[in-house]
Each structure stands twice: as structure tokens, then as C-alpha cells.
Amino acid sequence: MTDPASPQDGRPRVLTGDTPTGRLHLGHYVGSIENRLRLQADHECYFLLANLHAFTTRADRPDDIRRDTLEIVKDWLACGVDPSRSAIVLQSEVPAIAELTWFFAMLIPFNRVMRNPTLKTEIEAKGLGDRYPFGFPMYAVGQCADILAFRPAYVPVGEDQVAHIEMCREVARRFDQVYCGVDPHCEDDDYPARGGVFPIPRAMVGRVGRLVGADGKQKMSKSLGNAIFLSDTPKQVKKKIGGMHPGQSRQPDEPGDPDINPVFTYADIFIKDRALVDALKDRYRRGDNLGDGHVKAAVIDAVNELLEPIRARRAEYEGPGGDDLVIDIIRDGTARANALTEETLWSAKEAMRLGFWRRALVARP
Ligand code: TRP
């Protein structure tokens, strides 16, 4: 039998995921989705729907979580994630993740988890105070299991997730040292060759680590109300970008500074024609009769050009039967994930002297 854990074709493996909290926006696109689309051409990709993580802050809203889970798949498919090449995986049906979470929870000090800067920021941003459930900080350990269950080489994420990946790398090293006898002084890349069950995966941050929102100030985020969604209509895009503050007050014939104007940040990111962007900046600096409306119009066109095919593909899944189509796709991806993660779990159990007998996991259609 071929071991699904070591692909014969030698393509490096990639795992990443999203917590279903609502529709995806432009920040997700340039921070991570773009990378995934590029990677799926020549990597073995698994994209995880972290639906259990959604319960850490919304345990009382199961209907919303179910809806958001299916919506996010529609966003992925609309962006061009190809389910025949990449597995779309439902976290709640991958038991190995839950089991590895328990193992890993013993390998990381509680205080280390609580010092995780991403968790701290989230507690502040969401105003959780000290009323968050036990499961909230636990999700950071769970995320180590999400990743390591797949033994990936790379984890494409937005900048905000890098602290989680760092924790995951610590857990992987620790497991390999404690249970597989890997020398703590060896290089990260050598862990598997030295007998470690887990590779030490690398974060891969997108070309834009942090996209400013339509308010021109804070990071784009659904909860801050400054997001431009991938499913926004051309009219909504026009309204949101049209309403952006240029960061300075000037007349079209007065010199301006494009570097402090968030509309130019968008121009840099979304307008493909570099020469056009440079020309606009030049005219802006000189105050050469260039109104802010003109720059915005160019950005609005570029964003709509990016979103148009995404909207069109999304429409295919929006009608009746769309949810069933999505569920078929995630059932298939999850079965592929279970073949791989059950192998990982068995190797981990053997290393922990828990390998008493093997089990067969059957997923019924
Ligand atoms: N925590 C991530 C976020 O909020 C989502 C996520 C869950 C994830 N599990 C993952 C990302 C594993 C990368 C790898 O966006």
C-alpha cells in the first residue's frame, strides 16, 4: 500500500484554513487566498474549514456557524480553489485533530499559550475580557493539531497567524524530541530524517500581510465594519472605496502625498498596470490637476475587475442545490484528509507507546 503521508509524486504538502465567521473579504484574498491558488498548481493542498474553532466565541449560535461554514466554501470555490486538486476539509469530521489536540496540550505550558500574542489581541479586539470559555485559549493548541495532523511543509497564512505557526513549530519540535528521541540541537529541516513524526512547518505570508480597511485606518476586518467582501456588488465596492478618506486635505491642483493616502495603498495592490500607478502618483505629488475621485475610480475599476469572475463563479453555488453540491465536495475532501491524518495519528500513537492496535475509520457517504 502506498502511504498517503508520503506522496509519491514529491509535491510538498500545504495545509491552511479559515474559521468560518462570515464571508471572505479583500484582506483574506491578498493575505492568503492568492497564495493558495498559486500553490495548488504544484503542491498537495488541504484547506481546512475550522468550524469547531467558530464555537470558541459563538457556541450559542450553531445555525450561524453552519451557514458560515458553507458560505466560506462558496467563497473558496468562487476564488478558484479547485476541489479536484485541493482537498476541502471539514474539521469537525477529522477525529485525528481532536485526539492530537489532547496529546499536544501536554507538551506546551499553559502560560505559553496565554502569552500567544494573537490570542491576546483577539481577546482585546473582541472585548472578551475574562469571560471567554476554557475552549478559547485551547483553540491555539487545536490549531497546532490542525496543522500537524497533515504534516505539511508550508502553512500559507495572513500575518496575524504567524504567532500560531510559531507555537505549532515549538510543539512539533517538542513532540519529536520527547517521543522520537530527536536531538534538540538538530536543524528544523532535519527533524523527519532524524526520526521525528512531525516536520517543522513554515508559515508563508501573502504579498500583503495586513490590508488596511475601507476606513483607511484599521486592518480590514468584518467585525470592524470596514471590509470589502469578495461577494460585494460593483455598487457596494464603488460606495466603499468612493467613501475612503484620502488621509490629507488638498485640491486637485495642490501637491499631495500618495504615501499617506490609503487609496494609493489599494492602487499599489490592485491595479496591475504599474506604469499607470506610477503616473498617477507622480501627478498627485505635483498637484497636476488630479482629483481624488479620479484615483478612486481607477481603484474601483481594478477591484471590480478582480471580483467579477469571483462573483460569476459564486453564482453557480448560490441557487437551490448549491449547499448539497458544497457538502459533496467537502465530504470527498474530508475523506482524503482522514486517510492522511489517520496515518499521522497512528505514527504519533506509536511514538507515544499508545500503539496498541490499529483502527479503521469509515466515513459513510
Ligand atoms: N485561526 C485561523 C484564522 O482565524 C484559522 C485556522 C484554523 C488555521 N486552523 C488553522 C489557519 C490551521 C492555518 C492553519 O484565520
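The values are calculated or read from the model by the stated rules, or taken from the named source; none is laboratory data. The shown structure was predicted, so the numbers you read here are calculated from the model rather than taken from an experiment. In this analysis, Cβ positions are derived from the backbone assuming ideal geometry, glycine residues included, and neighbour counts consider all displayed protein chains.
Residue selection: Asp42 fails the criterion of being within 16 Å of the ligand (Cβ to nearest atom) and farther than 26 Å from Leu361 by Cβ.
Among (1) within 19 Å of the chain's Cα centre (by Cα); (2) within 13 Å of the ligand (Cβ to nearest atom); (3) not basic (Lys, Arg), which single condition is Thr101 missing? Going through (1) within 19 Å of the chain's Cα centre (by Cα); (2) within 13 Å of the ligand (Cβ to nearest atom); (3) not basic (Lys, Arg) one by one, Thr101 breaks only (1). Residue-level analysis places Gly209 outside the set of residues that are more than 11 Å from the ligand (Cβ to nearest atom), at positive phi and touching a residue at least 12 places away in the same chain (Cβ under 8 Å).
Ile88: part of a helix (DSSP H, G or I), touching a strand residue (DSSP E or B) at 6+ places or on another chain (Cβ under 9 Å), within 16 Å of the ligand (Cβ to nearest atom) and among the hydrophobic types (A, V, I, L, M, F, W, C), yes or no? Against the criterion (part of a helix (DSSP H, G or I), touching a strand residue (DSSP E or B) at 6+ places or on another chain (Cβ under 9 Å), within 16 Å of the ligand (Cβ to nearest atom) and among the hydrophobic types (A, V, I, L, M, F, W, C)), Ile88 does not qualify. Here Gly355, Gly293 are screened, and the one residue that is within 30 Å of Trp102 (Cα to Cα) and exposed (fewer than 14 other Cβ atoms within 10 Å of the Cβ) is Gly355. The single residue among Leu48, Leu52, Leu26 that is within 12 Å of the ligand (Cβ to nearest atom), assigned by TED's automatic domain parsing to the domain that holds Ile329 and crowded, with 24+ Cβ neighbours inside 10 Å turns out to be Leu48. Inside segment 112-125, residues that are within 12 Å of the ligand (Cβ to nearest atom) and of a type outside the set (A, V, I, L, M) make up a count of 4.
In the set (1) part of a loop (DSSP other than H, G, I, E, B); (2) surrounded by 17 or more Cβ atoms within 10 Å (Cβ to Cβ); (3) at pLDDT 95 or above, the condition left unmet by Ile65 is number (1). For segment 132-150, the tally of residues that are within 10 Å of the ligand (Cβ to nearest atom) and either outside the structural domain of Ile97 (by TED's automatic domain parsing) or part of a loop (DSSP other than H, G, I, E, B) (or both) stands at 2.
Annotation note: Cβ proximity below 9 Å between a residue of segment 264-286 that is assigned by TED's automatic domain parsing to the domain that holds Gln248 and a residue that is of a type in the set (Ser, Thr, Tyr) and modelled with pLDDT of 95 or more (sequence gap 6+ or interchain) occurs for Phe264/Tyr284. Restricting segment 151-174 to residues that are outside any helix (DSSP H, G or I) and either hydrophobic (A, V, I, L, M, F, W, C) or modelled with pLDDT under 95 (or both), the residue that is farthest from the ligand (Cβ to nearest atom) is Ala153.
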